[in-house]
Amino acid sequence: MSDTLFTKIINREIEADIVYEDDTVLAFRDIAPQAPLHVLVIPKKPIEMLARAGEDDRDVLGHMMLTAAKVAADEGYGDAFRLAMNNGEKAGQSVFHMHLHVLAGRAFEWPPG
């Protein structure tokens, strides 16, 4: 996998408004927010998309979900948030480094899009 915009954020080659970081994941505000809270949670390990994750990625996938809940709580949204992950170009993925959208602060519709 070649370096992506997100790899450059991880490596601090591009600035981002980081709200959480540990050894496994990085969370930062989306530059084109779709809700009052719109944070992306990305693994530091480059995984192109969920469909390309392997059994050895099980822990990082779970950690991403738990981090998303922590970010929502830390930002004051408690348990009122939505998570979204696009997989592949036809599903709307535009950066091919797996990422989880954490959205909160407005009403959401169902189905979502």
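Nothing in this text is a laboratory measurement; each read-out follows from the coordinates by a stated rule. If you're wondering where the values come from, they're calculated on a predicted model, not measured in any experiment. Reconstructed Cβ throughout: ideal geometry from the backbone, glycine too, with neighbour counts over all protein chains shown.
Taking R0 as 30 Å, what's the FRET efficiency between E15 and F108 from their Cβ-Cβ distance, rounded to 0.05?
Numbers: r = 29 Å, r/R0 = 0.97.
The computed FRET efficiency comes out at 0.55.
Couplings 3J(HN,Hα) of segment 91-96, computed from phi: 9, x, 6, 10, 10, 8 Hz, in residue order, whole Hz [Karplus 6.51 cos²θ - 1.76 cosθ + 1.60, θ = phi - 60°; x for Gly and Pro]. For segment 5-104, relative contact order (Cα pairs under 8 Å, six or more residues apart, normalised by length) works out to 31 percent. Give me, ordered by chain and number, the residues 5 or more places off V25 or on other chains with an amide H under 5 Å from its own placed amide H. Correct list: K44. Put a dot 7 Å past the Cα of I31, heading toward its Cβ, do the same for E55, and the two dots end up 3.9 nm apart. Put a plus charge on the Cβ of each Lys and Arg, a minus charge on the Cβ of each Asp and Glu, and nothing anywhere else: the dipole of the chain about its Cα centre is then about 260 debye.
Counting only DSSP beta bridges with both residues in segment 29-113, the antiparallel share comes to about 100 percent. Computed over segment 4-46, the range of Cα coordinates on each principal axis works out to 27, 18, 15 Å, biggest value leading. Reported to the nearest whole Å, the Cα centre-to-centre distance from segment 37-55 to segment 5-32 is 12. Please give the calculated 222 nm ellipticity per residue for the chain, where each DSSP H segment of at least 4 residues contributes -39500 (n - 2.57) and the sum is spread over every residue; nearest 500 deg cm²/dmol? Here the helix-only value at 222 nm equals -6000 deg cm²/dmol.
At 10 °C and 1.306 mPa s, what whole-number value in µm²/s does Stokes-Einstein give for the translational diffusion of segment 5-104, with Rh from the Kirkwood sum over Cα pairs? Could you put the intermediate results ahead of the total?
Numbers: Rh = 13.6 Å.
Answer from the Stokes-Einstein relation: 117 µm²/s.
The residue list L61, G76, V95 was ranked by how far each Cα lies along the charge dipole of the chain toward its positive end, using unit charges on Cβ atoms, and V95 comes out on top.
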